[in-house]
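I have placed the structure first, in the form of structure tokens, so that the comments after it can refer back to it.
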Amino acid sequence: MSNRLPFSVSKTESFYEKLGDWIGDVFYDILPESGFEVRDEQIYMAFQLEKAFKEKKVMFAEAGVGTGKTIAYLLYAICYARYTNRPAIIACADETLIEQLVKKEGDIAKIEAALGLNMDVRLAKSRDSYLCLNKLEAVMAKDETEVFEDVFYDLPDFVHGKGSMQSFTHYGDRKDYAHLQDEQWNQIAWDSVQDCFSCHQRHRCGQTLHRDYYRLSRDIIICSHDFYMEHVWTKESRKREGQLPLLPESSCVIFDEGHLLEYACQKALTYRFTEQTLEKLLTRIMANDVREKTLNLIEDGIYESEAFFNLLESVSLSTLGSEKRKVEKTNQVLNSAKNLLTILQAVEEELVFESELYVINEYDLKVVEEYLEQITYSLSLFVKSNQGITWFETHSGERTLVIMPKLVEDIMRKEVFSQEKPYIFSSATLSDNQSFNYIASSLGIDDYLHFSVESPFDYEENMKVSLETFNTGQSEEKLRYVRESILKSEGRALILLSNQDEMQSLKTYLQDVPFPIYFEGDAEISTLVSHFQNEENSILCSIHLWEGLDIPGRSLENVIIYSLPYPPLDPVFEAKREGAENSFEEVDIPYMLLRLRQGIGRLIRSHEDKGIVHILLDKETNDNVISKINSILPNQKKAEGKAR
């Protein structure tokens, strides 16, 4: 029995009985004495969780805003990790939220202080959250921008070969370069073309070193849904290549904002075929002393790839509010894909011969072989399968074909939920009409426990909801309303947006607002959130912080939902719509209402919080939709508002 448990258990005593006693002491005595506001709903949730850990089952823990979900599941996670001597995994919705748990004002710090615990909590961030030394050097060679020079010369001495590895310090995290805009960061961050296993700098790489660090956590590892699913899908292949899995064996897994896990599963199984990447890698091979047959095939492949992407671009259709362009699979497109597939498969065969001649740099060869394997597989899916969701993207002239699976339940059932361990889904929005069957079936979960508790907050007293309608297309009126609202509240506003077009409009219109205003993408997101929380009159504009953001107090008294958050008309949601009898009622409305519930939930985070939620509507919004919006307001609160 672990002697690190916060309570004593003898060999003759039951761990779970002692755990239950300790949980009771924590909620009824220790936390109230430490100034915590303990809620009945939180205590109910805590004792419900015990059954999932004891029986090693999946549990859907649906608890309203303000229940104190995080503290409840953290207490079980820390104890169970120490009992089993394996870390607990907490997977958050995305990278923007994992920092929320460990910030100095967060629940982990509060629990440590109140209970006198020293918790070993480490973050496992996605690979694109780390600096790539190879990409940084490449940018430095062609771009003398001062911002990249500062990054390069501020690297630790051991990276430049001047110091000992004994002097290692953590470096290379996106958060370390909070001043960089997302566009700048992407130029030097890891991407899927990098082959870290063969890289000559891997033992000095911040990502590799940090991975070794978080794997040694004894208590809790926090990651994103995306990263956890990448771990699941790459676990066996990494073992075959002699690498460790991305995450160590865990005692339990908690999916915070668990209603979003399905998309992360699909995303992890997605294949991306980028024209420029293929051309760059094949051109790198041509620089070696390869045979003429190989050269000719590579040239044919580059030519056919360009023709294929020209066709894709000509038949793809743009979608409002999304960068995903729908691809029409015409006969001409399919024939071009088949030709390209045949040529690339021939290149793969020739590279086997070239490898035996040792004329190609080993690192370059391995990168090209792995990427070609992905491309040929993705092209075969594109040509043969109707089970995938396909779209086309273009960014700054870079063209990409993306293929995502429609259904993931069989894979999830086999690879994840067949294991006997506690899996906890925590969210305020897990059920559909008080049923958990939809989320369970979509993830391949056949046997599960569940419960629901309402929010403890007095919304009737502390929250006002205002529905404001505007003439369709009259963006000037909406922008003016937003400006007037934040001036009236002297900042203290979170503005939730649905797309980049809305973000850009606000950026332009709100330039002269006399309060600090932060836009997602202008710097590292957790840094922006920290500014917003600590600068009481500031404003934060975001596309992705509809869930998970926890800002109690006067810094947030105004939530402005700029437009109803319907899903975009992109291929992912088009595939869902195609499988529905009434797509608006079965796909669009449920998605919008769920996201709306999450957005509204950002306002009231404690019993003292007060404020207004502004929901901006088009005049064309019909009475049925407005009725549904009113039905999901906390405590059935009736919205006020007027037409403009």
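The values are calculated or read from the model by the stated rules, or taken from the named source; none is laboratory data. Since this is a predicted model, take the numbers as computed values, not measurements. Reconstructed Cβ throughout: ideal geometry from the backbone, glycine too, with neighbour counts over all protein chains shown.
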Exercise for the section: Considering each of ASP21, ASP25, ASP40 in turn, give the residue that is out of contact with any helix residue (DSSP H, G or I) (no Cβ under 6 Å at 6 or more places or on another chain), within 23 Å of GLU608 (Cα to Cα) and surrounded by fewer than 18 Cβ atoms within 10 Å (Cβ to Cβ). Expected result: ASP40
Practice task
For region 351-395, name all the residues that are within 26 Å of the chain's Cα centre (by Cα), surrounded by 14 or more Cβ atoms within 10 Å (Cβ to Cβ) and without any contact (Cβ under 8 Å) to a residue 40 or more places away in the chain.
Solution key: GLY388
Practice task
Would you mind stating whether LEU594 is outside any loop (DSSP other than H, G, I, E, B), in contact (Cβ under 8 Å) with a residue 40 or more places away in the chain and touching a His at 6+ places or on another chain (Cβ under 9 Å)?
Solution key: yes
Completion exercise
Considering region 430-448, residues that are under 25 Å from the mean Cα position of the chain (by Cα) and in a loop (DSSP other than H, G, I, E, B), and then whichever is surrounded by the fewest Cβ atoms within 10 Å (Cβ to Cβ), we arrive at SER431
Practice task
Check off (1) over 23 Å from ALA93 (Cβ atoms); (2) modelled with pLDDT under 90; (3) buried (at least 17 other Cβ atoms within 10 Å of the Cβ); (4) of a type in the set (S, T, N, Q) for SER526 and give me the number that stays unchecked.
Solution key: (1)
Problem - All helices (runs of 4 or more DSSP H) inside region 239-337 with 1 or more residues being within 24 Å of SER498 (Cα to Cα) - result: 261-268
Practice task
Among the numbered conditions (1) surrounded by fewer than 14 Cβ atoms within 10 Å (Cβ to Cβ); (2) modelled with pLDDT of 90 or more, tell me where ILE188 comes up short.
Solution key: (1)
Practice task
Please work out if LEU269 is within 30 Å of ALA346 (Cβ to Cβ) and within 15 Å of the chain's Cα centre (by Cα).
Solution key: yes
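Consider region 449-502. How many of its residues are of a type in the set (Ser, Thr, Tyr), assigned to a helix (DSSP H, G or I) and either touching a Gly at 6+ places or on another chain (Cβ under 7 Å) or more than 17 Å from CYS541 (Cβ to Cβ) (or both)?
Taking region 449-502 and keeping what is of a type in the set (Ser, Thr, Tyr), we get 452, 455, 459, 466, 469, 472, 475, 481, 485, 489, 498.
If we keep only those that are assigned to a helix (DSSP H, G or I) as well, we get 459, 475, 481, 485.
Those still in the list that are either touching a Gly at 6+ places or on another chain (Cβ under 7 Å) or more than 17 Å from CYS541 (Cβ to Cβ) (or both) too: 459.
Residues flagged as of a type in the set (Ser, Thr, Tyr), assigned to a helix (DSSP H, G or I) and either touching a Gly at 6+ places or on another chain (Cβ under 7 Å) or more than 17 Å from CYS541 (Cβ to Cβ) (or both) within region 449-502 amount to 1.
Just to be sure before I move on: is LYS56 at positive phi and charged (D, E, K, R) in the structure I sent? Explain how you work it out, then say what you get.
Numbers: at positive phi: yes; charged (D, E, K, R): yes.
For LYS56, the condition - at positive phi and charged (D, E, K, R) - is met.
For residues in region 102-149 being among the acidic types (Asp, Glu) and not in a helix (DSSP H, G or I), which is nearest to LEU216 (Cα to Cα)?
Filtering region 102-149 down to residues among the acidic types (Asp, Glu) leaves 105, 107, 112, 120, 128, 137, 143-144, 146, 149.
Filter once more, keeping what is not in a helix (DSSP H, G or I): 105, 120, 143-144.
Working: GLU105: 25, ASP120: 9, ASP143: 38, GLU144: 39 Å.
Once the filter is applied, the top-ranked residue is ASP120.
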Fill in the blank from the handout: Pairing a residue in region 68-93 that is modelled with pLDDT under 95 with any residue that is in a strand (DSSP E or B), where Cβ atoms lie under 6 Å and the two sit 6 or more apart in sequence or on different chains, gives LYS69/ALA63; LYS69/SER426; CYS92/SER224; CYS92/ASP256
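Table: residues versus (1) surrounded by 17 or more Cβ atoms within 10 Å (Cβ to Cβ); (2) among the β-branched types (Val, Ile, Thr); (3) assigned to a helix (DSSP H, G or I).
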{"residue": "LYS507", "(1), (2), (3)": "no, no, yes"}
{"residue": "VAL513", "(1), (2), (3)": "no, yes, no"}
{"residue": "PHE532", "(1), (2), (3)": "yes, no, yes"}
{"residue": "PRO552", "(1), (2), (3)": "no, no, no"}
Fill in the blank from the handout: LEU155 passes all but one of the listed conditions (1) part of a helix (DSSP H, G or I); (2) surrounded by fewer than 18 Cβ atoms within 10 Å (Cβ to Cβ); the exception is number (1)
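Any idea which residue in region 43-79 is farthest from GLU547 (Cα to Cα), counting only those that are among the aromatic types (Phe, Trp, Tyr) and buried (at least 21 other Cβ atoms within 10 Å of the Cβ)? Please lay out each step first, then the result.
Here is the first cut: in region 43-79, the ones among the aromatic types (Phe, Trp, Tyr) are 44, 47, 53, 60, 73, 76.
Going one step further and asking which of them are buried (at least 21 other Cβ atoms within 10 Å of the Cβ), we end up with 53, 60, 73, 76.
Numbers: PHE53: 26, PHE60: 17, TYR73: 18, TYR76: 23 Å.
Within region 43-79, the match that is farthest from GLU547 (Cα to Cα) is PHE53.
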Fill in the blank from the handout: Restricting attention to region 255-280, the residues that are touching a Ser or Thr at 6+ places or on another chain (Cβ under 6 Å) and closer than 15 Å to LEU430 by Cβ number exactly 5
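Does LYS293 count as at negative phi and either modelled with pLDDT of 95 or more or within 19 Å of the chain's Cα centre (by Cα) (or both)? It would help to see each step written out before you state the result.
Details: at negative phi: yes; either modelled with pLDDT of 95 or more or within 19 Å of the chain's Cα centre (by Cα) (or both): no.
No: the conditions fail for LYS293.
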Exercise for the section: Exactly one condition in (1) farther than 20 Å from LYS421 by Cβ; (2) touching a Ser or Thr at 6+ places or on another chain (Cβ under 8 Å); (3) not in a helix (DSSP H, G or I) is not met by GLU99; state its number. Expected result: (3)
Fill in the blank from the handout: Those residues of region 427-456 that are touching a residue at least 60 places away in the same chain (Cβ under 8 Å) and under 30 Å from ASN622 (Cβ atoms) come to a total of 12
